[in-house]
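Student: Sending over a structure as structure tokens; questions will come in a sec.
The values are calculated or read from the model by the stated rules, or taken from the named source; none is laboratory data. Predicted model only: the values in this text are computed from it and were never measured. Here the Cβ positions follow ideal geometry from the backbone for every residue, glycine too, while neighbour counts run over all protein chains shown. For accessibility, only protein heavy atoms count, side chains too; no ligands or nucleic acids. Shrake-Rupley method; radii C 1.70, N 1.55, O 1.52, S 1.80 Å.
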Amino acid sequence: MRIVRGIFSGIFSFVLVVVLVILGLVITINLTILNPDFVISELDKLDAYSIITDQVKNQLPEEEPYMAQVVDETLAELDPWMKDQTATVIYSGYAYLKGEEELNIVIPLEQVRASLKENLAQAIRESPPPELEGLPPEQIDVFISQACAEIDSRVPQQIEVNEALLGPEIVTQLQKAKEIIGYIEFGYKALIGLAALLILIIALIQWWRAKPITRYIGISFTVAGVLSLVSTIVARRFDFQAIQPDIPPEIGAKLPQLISDFTSPLLIYSVGGLIVGIGLIILSIKLKSPNGENI
């Protein structure tokens, strides 16, 4: 009878190991990729706003060098605004993907228009382009007014994002993303319940005897902790630039930090699993078998 109990306990312990390993990955995804606070924090660490700024500057026409000064000053002024709007978009996007609200993102651009016009007027007055040199201030003001009107015509008052504006193809992709996120969130709860059920089954198989229960469960937690820890180490040492050489250098330099941040929850989970597992194994050694039976 002890052999039969041992076989079934071993089978369910193996299943428990698999469940615990998958649960660690799901928890990591929930705390990182599916966590808007994590995404916003990583954008700050990657200095994504500076990368966007550099890309905008590279698109400026070389024959209008004063525009570089205008854009540079405008982007510097709008840095807090960009971060606030990015956070708003991310939070709203995640709320939509998680089914908490409809997709309706509105980004006001009045501050962008005002900053552009102010900096453009200042740049033209301080360093007029060649075609304006020698002209009286009144004509320069007329040119500035025309330039500001051009900004108003090209920069809308706001940007709105909703399903109607995105089109059916993008909405279809977003619906698939919502389904995947739904499966992950359901899997998180299901895995916790399954792990608890497996522990209960092992306890029932062992007739609620503490010594073998703690031994089998302790081994499961220890093995799962080791596997999760190994996965964390491999991920942190993996050279992603070797398989994706086209990654921009400014991002590639910060990629190790990004991977470290992403795997931090899994590292904590694996260490916690090891501590619990080893503690249960030690407890099983110290516990005495009922009636001195060697179980």
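Student: What are the residues in region 202-224 that are open to solvent by 30 Å² or more (accessible area, probe 1.4 Å) and more than 36 Å from the chain's Cα centre (by Cα), if any?
Tutor: The first filter runs over region 202-224 and keeps only residues open to solvent by 30 Å² or more (accessible area, probe 1.4 Å), leaving 204-205, 207-211, 215-216, 219, 221, 223.
Those that are open to solvent by 30 Å² or more (accessible area, probe 1.4 Å) and more than 36 Å from the chain's Cα centre (by Cα): Leu204, Ile205, Trp207, Trp208, Arg209, Ala210, Lys211, Arg215.
Student: Among the candidates Thr222, Thr172, which residue alone is of a type in the set (S, T, N, Q) and touching a helix residue (DSSP H, G or I) at 6+ places or on another chain (Cβ under 8 Å)?
Tutor: Numbers: Thr172 fails: touching a helix residue (DSSP H, G or I) at 6+ places or on another chain (Cβ under 8 Å).
The unique qualifying residue is Thr222.
Student: Can you name the residue in region 273-295 that is part of a helix (DSSP H, G or I) and exposed (fewer than 14 other Cβ atoms within 10 Å of the Cβ) and, of all such residues, is modelled with the highest pLDDT?
Tutor: Ile275
Student: With at pLDDT 90 or above and β-branched (Val, Ile, Thr) as the only criterion, which of Ile170, Ile144 stands out?
Tutor: Working: Ile144 fails: at pLDDT 90 or above.
Selected residue: Ile170, the only one of Ile170, Ile144 that is at pLDDT 90 or above and β-branched (Val, Ile, Thr).
Student: Still on this structure, please answer the following. Go through region 143-192 residue by residue and tally those that are open to solvent by 60 Å² or more (accessible area, probe 1.4 Å) and in a helix (DSSP H, G or I). If you could, list the steps in order and put the result at the bottom.
Tutor: Our first condition is that a residue be open to solvent by 60 Å² or more (accessible area, probe 1.4 Å); within region 143-192, this holds for 145-146, 150, 153-154, 156-160, 163-165, 168-170, 172-173, 175-176, 179-180, 183, 185-186, 188-189, 192.
In the following step, the residues that additionally are in a helix (DSSP H, G or I) were identified as 145-146, 150, 153-154, 163-165, 168-170, 172-173, 175-176, 179-180, 183, 185-186, 188-189, 192.
Selection size over region 143-192: 23.
Student: Of everything in region 157-186, what is over 18 Å from Tyr94 (Cβ atoms) and small (Gly, Ala, Ser)? Give them in sequence order. Explain how you work it out, then say what you get.
Tutor: Initial filter on region 157-186 (over 18 Å from Tyr94 (Cβ atoms)): 157-160, 164-165, 167-169, 172.
Correct list: Ala164, Gly167.
Student: Which count do you get for residues in region 101-137 that are modelled with pLDDT of 85 or more and assigned to a helix (DSSP H, G or I)?
Tutor: From region 101-137, those modelled with pLDDT of 85 or more are 101-122; that's our starting set.
Those still in the list that are assigned to a helix (DSSP H, G or I) too: 110-122.
Here the count works out to 13.
Student: Looking at Ala242, Ala235, which one is open to solvent by less than 80 Å² (accessible area, probe 1.4 Å), at pLDDT 85 or above and among the hydrophobic types (A, V, I, L, M, F, W, C)?
Tutor: Working: Ala242 fails: at pLDDT 85 or above.
Only one candidate qualifies: Ala235.
Student: Determine which member of the set Ser228, Ser260 is modelled with pLDDT of 95 or more and under 21 Å from Asn30 (Cβ atoms).
Tutor: Details: Ser260 fails: modelled with pLDDT of 95 or more.
Being modelled with pLDDT of 95 or more and under 21 Å from Asn30 (Cβ atoms) holds for just one of Ser228, Ser260, which is Ser228.
Student: Considering region 90-100 alone, what residues qualify as being touching a residue at least 60 places away in the same chain (Cβ under 8 Å) and not in a loop (DSSP other than H, G, I, E, B)?
Tutor: Kept after step one, since they are touching a residue at least 60 places away in the same chain (Cβ under 8 Å), are these residues of region 90-100: 94, 96-99.
The answer is Tyr94, Tyr96, Leu97.
Student: List every residue pair whose Cβ atoms lie under 7 Å apart, where the two residues are 6 or more positions apart in sequence or sit on different chains, the first residue falls within region 202-216 and is among the small types (Gly, Ala, Ser), and the second residue, located anywhere, is surrounded by 21 or more Cβ atoms within 10 Å (Cβ to Cβ).
Tutor: Ala203/Ile213
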